[in-house]
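Trainee: Mind having a look at this structure? Questions to follow.
The values are calculated or read from the model by the stated rules, or taken from the named source; none is laboratory data. Just so you know, these numbers come straight off a predicted model, no measurement behind them. For neighbour counting, all protein chains shown are included, and Cβ atoms are generated from backbone atoms with ideal geometry for every residue, glycine included.
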Amino acid sequence: MLVLDGIRPDVLQAAIRAGEAPNLGALAERGEAVWDAVSVFPSITPAATAAIATGEAPSGSGIVGHAWYDEEERRVVVYGAMTETVMATGPIKVFHNNVWRMNRDDLYASTLFETLHDRGFDGACVNFPVRRGPHKHPIRLKTVERYRKNGRYLGPSVEGPKEYFMGDLFYSRETGHNGRRASGGLRRSVGINDEYAARVGAVLVAEKAAPFNLVYLFKGDSIAHHHGLEAQRRWVAKADGYVARIFDAGGGVERILEDYAVLALSDHGHAPLLPGRRHVDLRRILGQKVSSGVRARFANGTTVVVVPNGRAALLYLREDVELGDVVENLLGRRGVDLAAWMEGEWAMVRRLGSAIRFRPGPGPGDTFGRSWELEGDPRALDLDVSGGEVRYGEYPDALERLWGCLGSSRCGDVVLSAAPGYTFGEVSGGYHVASDHGSLHASDSEVFVLASGVSAPRRITDVAPTLLDHFGAGKVAENLVG
Ligand SMILES: [Zn+2]
């Protein structure tokens, strides 16, 4: 499985049409290609990669975004995003949160690596952030080792699949592509990059090292954030070269597709931002005392803690705060597309002066076979309800995805989704300039899936069940979100 972070389906299609991505093109041609598969909400890397690795939406995986407010610990947890967010939070702390805490403490659901191991299949993982598994891997990097001895954050090892590679930080064995010559410490990416992923991926395939291999290429996401979709398309050509390296190591694309089932997909899309006034600042809400930033918490009269997650935002309200007033104030703001929250057993959504509430139950069915009890105005979610069916417009798989977000208390009391062109920015207060993601809207929610040897999943939450079926290992726990 190849996960290409944040690559828009239309960007990959354009690259394939222009002959710039012949290897991914060959996979699309020989296998099955889905260009409107769907990410989770918020459409943010930690939530989306957790969904891919576990088959669970945020409410089931426990991983809701880049950052969230931990009400028990009374502090914001940041898994890392922009460099300035990392620097504001402290690189060691983010490292701790991303590499250790997220997998060890916050991830509720079993990963593919764990479930496959239980059924007798070893896994291999290169750079993918959600990698919990049954094998212990010690830190290899000396600079981190030093931090560890002096600090309280980093642990001595992590648990991963049998073959686990993450730059110079972890490698389960020597491949010639780790450590030694690589230097730079924590402010550089400690050898964690796509070139490295391709090299190690090639070794794994050449050696047929494990039945299940997961290689993660992530540069295309940050290129889109900083330089836009044209630049992302140029990167796709480069990424295709990395894919070629892996395919060639296994004897070429034909041979690879004979020997392996192959899945290539992105975890979320990307929405271009407006040239000016693209940032929706949530630090002021009429009548409220807002706390935001990496040190946000309820203190000194704070009534609302705001945790932006790109084009989504999580709001945590003090118990006595009138939710309706907060929502009313925010919906009048330019760039705020919709607000969603739970009210008893119902998920509530307001957009464009219309409102709808819903929950799983008797009612029209969606394309994935779940039926929904709906009350109110379907236009609030751009739904087309007729003949016992719900069809989605601008917000793909909206009901399931909202339900899979709002079911987690970690998502807070109100969740916002930004209008196309806008972003709520980062928890640090900064924001991307060219493109961002996180919303419920199709632009950042749709992903591509290329599949050979397995039927292509239509949602990223269907990836894990599809692969477990492929290995004859059954489905992951079928407990519905809640
Ligand atoms: Zn991103």
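Trainee: If GLU29 satisfies every condition in (1) closer than 22 Å to PHE424 by Cβ; (2) acidic (Asp, Glu); (3) surrounded by fewer than 19 Cβ atoms within 10 Å (Cβ to Cβ) but one, which is the exception?
Mentor: (1)
Trainee: So which residues in the range 260-276 are away from the ligand (no atom under 16 Å from the Cβ) and modelled with pLDDT of 95 or more, if there are any at all?
Mentor: TYR260, ALA261, VAL262, LEU263, ALA264, LEU274
Trainee: Continuing with this model, one more query. Out of VAL415, VAL449, I need the residue that is away from the ligand (no atom under 16 Å from the Cβ), closer than 21 Å to ARG333 by Cβ and part of a strand (DSSP E or B). Which one?
Mentor: Only one candidate passes the filter, namely VAL415.
Trainee: What tally of residues in the range 221-260 results from selecting those that are surrounded by 17 or more Cβ atoms within 10 Å (Cβ to Cβ) and outside any helix (DSSP H, G or I)?
Mentor: Selection size over the range 221-260: 2.
Trainee: Would you pick out the residues in the range 452-471 that are part of a loop (DSSP other than H, G, I, E, B) and among the small types (Gly, Ala, Ser)?
Mentor: GLY453, SER455, ALA456
Trainee: Looking at (1) hydroxyl-bearing (Ser, Thr, Tyr); (2) more than 24 Å from the chain's Cα centre (by Cα); (3) within 16 Å of the ligand (Cβ to nearest atom), which is the only condition SER354 fails?
Mentor: So SER354 meets the others, but not (3).
Trainee: Sort out for me the helices (runs of 4 or more DSSP H) sitting completely within the range 74-155 that have 3 or more residues that are at pLDDT below 90.
Mentor: In the range 74-155, 83-89, 91-95, 142-150 are the helices (runs of 4 or more DSSP H) which contain 3 or more residues that are at pLDDT below 90.
Trainee: In the range 1-57, what residues are assigned to a loop (DSSP other than H, G, I, E, B), more than 21 Å from the chain's Cα centre (by Cα) and under 18 Å from VAL454 (Cα atoms)?
Mentor: GLY31
Trainee: Still on this structure, I have one more. Considering VAL34, VAL78, VAL40, which residue is under 26 Å from GLU446 (Cβ atoms), within 15 Å of the ligand (Cβ to nearest atom) and among the aliphatic types (A, V, I, L, M)?
Mentor: VAL40
Trainee: For the range 423-433, enumerate the residues that are away from the ligand (no atom under 11 Å from the Cβ) and surrounded by fewer than 24 Cβ atoms within 10 Å (Cβ to Cβ).
Mentor: Listed by number, the residues that qualify are SER428, GLY429, GLY430, TYR431, VAL433.
Trainee: Within the set of pairs 6+ apart or on separate chains, which have a first residue in the range 330-343 that is in a helix (DSSP H, G or I), a second that is charged (D, E, K, R), and C-beta atoms under 7 Å apart?
Mentor: LEU331/ARG350
Trainee: Taking the options ASP5, ASP10, name whichever one is within 16 Å of the ligand (Cβ to nearest atom), within 27 Å of GLU195 (Cα to Cα) and of a type outside the set (Gly, Ala, Ser).
Mentor: Only one candidate passes the filter, namely ASP5.
Trainee: Sticking with this one: Restricting the search to the range 377-403, which residues are surrounded by fewer than 16 Cβ atoms within 10 Å (Cβ to Cβ) and in a strand (DSSP E or B)?
Mentor: Result: ASP384, VAL385, SER386, GLU389, ARG391.
Trainee: While we're on this one: Taking the range 346-359, which residues are out of contact with any Pro (no Cβ under 7 Å at 6 or more places or on another chain) and either surrounded by 13 or more Cβ atoms within 10 Å (Cβ to Cβ) or in contact (Cβ under 8 Å) with a residue 12 or more places away in the chain (or both)?
Mentor: TRP346, ALA347, MET348, VAL349, ARG350, ARG351, LEU352, SER354, ALA355, ARG357, PHE358, ARG359, listed by residue number.
Residue by residue, here is whether (1) under 20 Å from ASP70 (Cα atoms); (2) of a type in the set (Val, Ile, Thr); (3) more than 16 Å from the ligand (Cβ to nearest atom); (4) under 25 Å from the mean Cα position of the chain (by Cα) holds:
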| site | (1), (2), (3), (4) |
| --- | --- |
| ALA224 | no, no, no, yes |
| GLN232 | no, no, no, yes |
| ILE246 | no, yes, yes, yes |
| ARG278 | no, no, no, yes |
| GLY287 | no, no, yes, no |
| ASN309 | yes, no, no, yes |
| ALA312 | yes, no, no, yes |
| ARG318 | yes, no, yes, no |
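Trainee: Going residue by residue through the range 360-375, is there one that turns out to be more than 21 Å from PRO396 (Cβ to Cβ), among the hydroxyl-bearing types (Ser, Thr, Tyr), surrounded by fewer than 19 Cβ atoms within 10 Å (Cβ to Cβ) and over 22 Å from the mean Cα position of the chain (by Cα)?
Mentor: No, that holds for no residue.
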